[in-house]
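Heads up, the thing below is written out as structure tokens.
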Amino acid sequence: MMPDMTQEGKAAKGAWTPDLSVPTVYLNAVSKSYGRIHALSNITLGLSGGVTGILGLNGAGKSTLFKLLMGKIRPSAGEVRIFGEDPWKNPAPYARVGFVPEHEKMHDWMTALEFVSTFARLHGMSKSQAKKEAVRVLDFVGLTEVADKEIGQFSKGMRQRTKIAHALVNDPDLIVLDEPLQGCDPLARTTIMNVIRELGKMGRTVLVSSHILSEIERITEQIIIVHHGKLVALGNLHAIRERLDQIPHTIRLVGKDIKALAKDILDHPAVFGLSFPSNNELLIQTYHFGQLHAELPRIVVENGHQISEIDNPDDDLESLLVYLTGGSV
């Protein structure tokens, strides 16, 4: 776990401390327009503690939301509060915020340790304290062994973890991560997900955006869904999924003698349709996705079927949005 900073490091942040009696993040009827283009429309929400996933297709308004929170752009209407403060009137709260933007150029000639240490110095730490905190956060994101390697030699996943380390070096209470998993290999994705979950367990408020439902589902069940600049869902993903059982779902299986499996599953009460796109492929239609998905492994094993693939082609953000908005995306 990431330990608390020493008193020297805390003092380097300044005397300002967050008001814990108010939401860490609060938006009240916030809108942002660029001429006739409405990037965000009338967003109201309050968040404190734990990990919240910000879901939305590309262009939904996720990055605009984060830019508003980080004071990079002003809202066209409404109010934004960080730790109860208006950041345009008092920027002090940003001393307690860590931000990883989706796109950001890095100093490829610097080592990871130099890069993170430099940002620690910008937070007011002494040279020795900056190095100490940089070592700490690089270890937290799993980069200790390459801390002295130049960033220009890093993979996409290592670069992302370096960016996360630099966002954590000031021991922030609010961490904002814009598409941190994009372009990462499976190992890096798993490592970053573990880091995000650990930060949530530590009580930090973590906002992480993605356009991929399965990514967020592996990190947290607390979600916000933004679509065409509007807030269409806020709450527990598991509860939303239970409501999705009311609409048809498809489960796809690939394997040997797939028609034998179809025979064994045909009379299941959760199944209302079967089809065969190819000789070794079966599509199952169901109104009870959770129930059937939970029972499929038992049916496959007990009847000795050989299945090489199983997935849910309509179990994605687009399908969820169709349900939530009552139309096409």
Q) Ranked highest first by the average count of other Cβ atoms within 10 Å around their residues, in what order do 69-81, 110-122 fall? A) 110-122, 69-81
**Q.** Magnitude of the charge dipole, the chain, Cβ model with Lys/Arg +1 and Asp/Glu -1, debye to 20
**A.** 1180 debye
Q) Using 1/(1 + (r/R0)^6) with R0 = 41 angstrom and r between the beta carbons of Glu79 and Lys156, what's the FRET efficiency to the nearest 0.05? A) 0.65
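Quick one: length gained pulling Asp267 to Thr44 fully straight, 0.36 nm per residue minus the C-alpha distance?
Length gained, Asp267 through Thr44: 75.6 nm.
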Q) Among bridges DSSP assigns within the chain, what percent are antiparallel (round to 5)? A) 65 percent
(Q) Multiplying the sequence separation of Thr190 and Leu57 by 0.36 nm and subtracting their Cα-Cα distance, what value in nm do you get? (A) 45.7 nm
(Q) If you count only protein heavy atoms with a 1.4 Å probe, what accessible area per residue comes out for the chain, rounded to a whole Å²? (A) 48 Å²
Q) Can you list residues whose amide H is under 5 Å from Ala77's amide H, if they're 5+ apart or on another chain and H is modeled 1.01 Å from N? A) Ser31
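Of Lys156/Lys230; Lys89/Lys201; Lys67/Lys163; Lys72/Lys105; Lys127/Lys149; Lys105/Lys156, which ones are farther than 22 Å apart at the Cα?
On the way: Lys156/Lys230 31 Å; Lys89/Lys201 31 Å; Lys67/Lys163 17 Å; Lys72/Lys105 17 Å; Lys127/Lys149 20 Å; Lys105/Lys156 12 Å.
Beyond 22 Å: Lys156/Lys230; Lys89/Lys201.
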Q) By what distance, in whole Å, do the Cα atoms of the chain stretch along each of the three principal axes, largest value first? A) 70, 47, 35
Q | Translational diffusion coefficient (Stokes-Einstein; Kirkwood radius from C-alpha pairs) of the range 55-94 at 4 °C, 1.567 mPa s, in µm²/s | A | 119 µm²/s
Q) How high is the FRET efficiency between Trp109 and Glu145 when r is their beta carbon distance and R₀ equals 30 Å, given to the nearest 0.05? A) 0.90
Q) Once both labels are modelled 7 Å past Cα along the beta-carbon direction, what's the Lys256-Gln291 spacing in nm? A) 3.3 nm
Q | Among Ala167, Val208, Val195 - extreme Cα towards positive end, dipole of the range 103-236, charges at beta-carbon | A | Ala167
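The values are calculated or read from the model by the stated rules, or taken from the named source; none is laboratory data. What you are looking at is a predicted structure, and each value in this text was computed from that prediction instead of being measured. When we count neighbours, we look across all protein chains shown, and the Cβ atoms used for this are built from the backbone with ideal geometry, even at glycine. Surface accessibility is based on the protein's heavy atoms, side chains included, excluding ligands, DNA and RNA. Shrake-Rupley method; radii C 1.70, N 1.55, O 1.52, S 1.80 Å.
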